[in-house]
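The values are calculated or read from the model by the stated rules, or taken from the named source; none is laboratory data. Every value quoted in this text rests on a predicted model; they were computed, and no experiment measured them. Methodologically, a virtual Cβ is constructed for each residue, glycine included, from the backbone with ideal geometry; neighbour enumeration extends over all protein chains shown.
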Amino acid sequence: MNEKNGKQMWGPLGLTAMLLAGSVLAGCGAGSGKEGDASGSGGAKPAENAAPVKIQMAMAASGLPAPDADDIKKTIDKKLNVDLQLTTIASGDDYKNQIRVRISGGNYPDLFSVDFADVKEFSDKGLLLDLTPYMDKELKPTKDFVVGLTPNILKKVTVNGKMYAIPRTADVPFSSMWVRKDWLDKLGLKAPTTLDEFMTVAKAFTEQDPDGNGKKDTYGITGAKLDGFATIFGAYGVGQPGAFYQKDGKVMNAYYDPGMPEALKYIKSLFDAGVVDPEIMTNKGNVEVQKAFQGKAGLIFKGWTDIAKDEFVAQYKAINPNANWVQLNPVKGPGGQFEGSYDYDRPSRYWVIPKALEKDKAKLQKVFDVLNYVSGKEGNTLVMYGLEGKHYNMKDGKLVPTDLMAKEGNYFNLYQFTGRPNKDYLAIKFPNQAAQTDFAIKTPRISSFDSSVIPPSGFNKADADRFAEEEMIKFVTGKRSISEYADFLKTLETTFKYKTYVDEAAKQIKEQGFVK
């Protein structure tokens, strides 16, 4: 629940804006002759006794309730005269394998989620429906909705000039650097705003007994691997290791950024000063958050979902009632002031339709109807908040959640096939965290293009990434001299063909129109 500032333009519940000039009204689907068609779909009104149309869907996810306890499914089924059969598989790898088995056997779901590389592969093989001809008519409500929330998103589903996927709108960023304000206050320090001040605070948290227990058992910083230093990379104008972004009018890969070795030198200085959790590169399973809550460190890069939710505040307050974790603005450095990098236009899902469904026009229209419905005011409100009178009530024009929304609504997001206006949604679902969610959304970050890139054939990205991460860790922990950085790049290029990957990425990013 990973942000271009200003994309979410609504105040709490600005649902009228979500209508996108009325084009997404429930019942105003593509091909419908009248607004407010009683079917709520884009096709003709179903016959009185027409059997529901079964629509098989599949996605990598978990948490779907049984059909008889699924208020969202039952409502959509009744509204559109369909029988949604949504298959969820928790493991991403298991899901991919099962999808491939089904495709090889010709047993396609009617709508299923894949990653961008699979969009390219399956479309090249002629297995996917080209959605380009449908985007301005049958799927116009869906198109208007996703583009209204993420303006560049259709570029992300374009392969060889055609659109083969419906994107789910991009997520907003959740992460930022957090600091123990009560420790700052106790030591008479201010929140750090520069790299020098960051070092000063980290040293004080390590050396000046901020928890007052008389023991030297605290560190300045904890986190999870290199992500824990996002604000440092950003201070040098560098994206997260491996990220692609624009610099000086050209596509830049972070490993080739002249600022990367300088960022690594600063991070190494933190290790050399002994202010970093020595297990930061091996922390797993959110153990770094527990360390932070237990008072082992006073700085951590993490999402508000792991720190600011009511249950987590209660958790760390139970350990120390005076503990006060607050978000920290990115520190300034020679490259600017950024909280690392973030792909603001990354679709949070890619939905594809098999080309074989083109022969069944009636079912294809029903698939379009479902997508259009969850993109309109009525349907989008349903898949975000549930049923009025049960999961929420309307008071003075504002949506007020009931206790049942929190108890029963954890799966609603599975039906947000085309996404949601995140700022509105988060403000209503997490009212006590409104300030923290807004902070994370507005925090400046380097805009990356990572989701635009499909690795070329013959390039093993997993192996290259693994090697690069290992060497980055060696550089900052002093196991390899940063003076050997050029040699690291040479190995990336010769052994792992990384330059081929970078060149292909630049070509793809330019083809999508993000960089000229």
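Observations
- Selected residue (criterion: nearest to residue 358 (Cα to Cα)) from residues of region 82-113 that are crowded, with 20+ Cβ neighbours inside 10 Å and of a type outside the set (A, V, I, L, M, F, W, C): 110
- The lone criterion from (1) crowded, with 22+ Cβ neighbours inside 10 Å; (2) within 23 Å of the chain's Cα centre (by Cα); (3) within 30 Å of residue 503 (Cα to Cα) left unmet by residue 240 is number (1).
- For region 410-433, the tally of residues that are touching a Phe, Trp or Tyr at 6+ places or on another chain (Cβ under 8 Å), of a type outside the set (Phe, Trp, Tyr) and modelled with pLDDT of 95 or more stands at 4.
- Taken over region 450-483, the criterion of being part of a helix (DSSP H, G or I) and loosely packed, with under 15 Cβ neighbours inside 10 Å is satisfied by 462, 463, 465, 466, 470, 483.
- Scope region 221-237; condition touching a strand residue (DSSP E or B) at 6+ places or on another chain (Cβ under 7 Å) and more than 20 Å from residue 184 (Cα to Cα); matching residues: 227, 230, 234, 235, 236, 237
- Test: residue in region 357-372 that is closer than 18 Å to residue 111 by Cβ and of a type in the set (Phe, Trp, Tyr): yes
- Extreme residue, nearest to residue 436 (Cα to Cα), among residues of region 251-284 that are part of a helix (DSSP H, G or I) and under 23 Å from the mean Cα position of the chain (by Cα): 254
- Inspection of region 470-493 identifies no residue that is among the aliphatic types (A, V, I, L, M), in contact with a Gly (Cβ under 7 Å, 6 or more places away or on another chain) and not assigned by TED's automatic domain parsing to the domain that holds residue 153.
- The lone exception for residue 40 - which of (1) at pLDDT 95 or above; (2) under 20 Å from residue 412 (Cα atoms) it fails: (1)
- Helices (runs of 4 or more DSSP H) fully within region 172-250 that include at least 1 residues being over 28 Å from residue 309 (Cα atoms) and either modelled with pLDDT under 95 or not small (Gly, Ala, Ser) (or both): 195-207.
- Meets criteria (under 30 Å from residue 141 (Cβ atoms), among the charged types (D, E, K, R) and surrounded by fewer than 24 Cβ atoms within 10 Å (Cβ to Cβ)) for residue 162: yes
- Answer from 420, 466, 480 - the residue that is under 30 Å from residue 309 (Cβ atoms) and among the basic types (Lys, Arg): 420
- Among helices (runs of 4 or more DSSP H) entirely within region 351-447, having at least 2 residues that are of a type outside the set (Val, Ile, Thr), touching a helix residue (DSSP H, G or I) at 6+ places or on another chain (Cβ under 7 Å) and farther than 22 Å from residue 145 by Cβ singles out 434-442.
- The number of residues in region 285-297 being under 26 Å from the mean Cα position of the chain (by Cα) and not in a loop (DSSP other than H, G, I, E, B) comes to 7.
- In the set 120, 140, only one residue is basic (Lys, Arg) and within 15 Å of residue 349 (Cα to Cα); that residue is 120.
- Scanning region 117-144 for residues that are surrounded by 20 or more Cβ atoms within 10 Å (Cβ to Cβ), assigned to a helix (DSSP H, G or I) and hydrophobic (A, V, I, L, M, F, W, C) yields a count of 2.
- The residues listed here are 147, 157, 172; of these, the one that is under 21 Å from residue 95 (Cβ atoms) and either surrounded by fewer than 21 Cβ atoms within 10 Å (Cβ to Cβ) or of a type in the set (A, V, I, L, M, F, W, C) (or both) is 157.
- Meets criteria (closer than 23 Å to residue 329 by Cα, buried (at least 23 other Cβ atoms within 10 Å of the Cβ), more than 22 Å from the chain's Cα centre (by Cα) and among the aromatic types (Phe, Trp, Tyr)) for residue 198: yes
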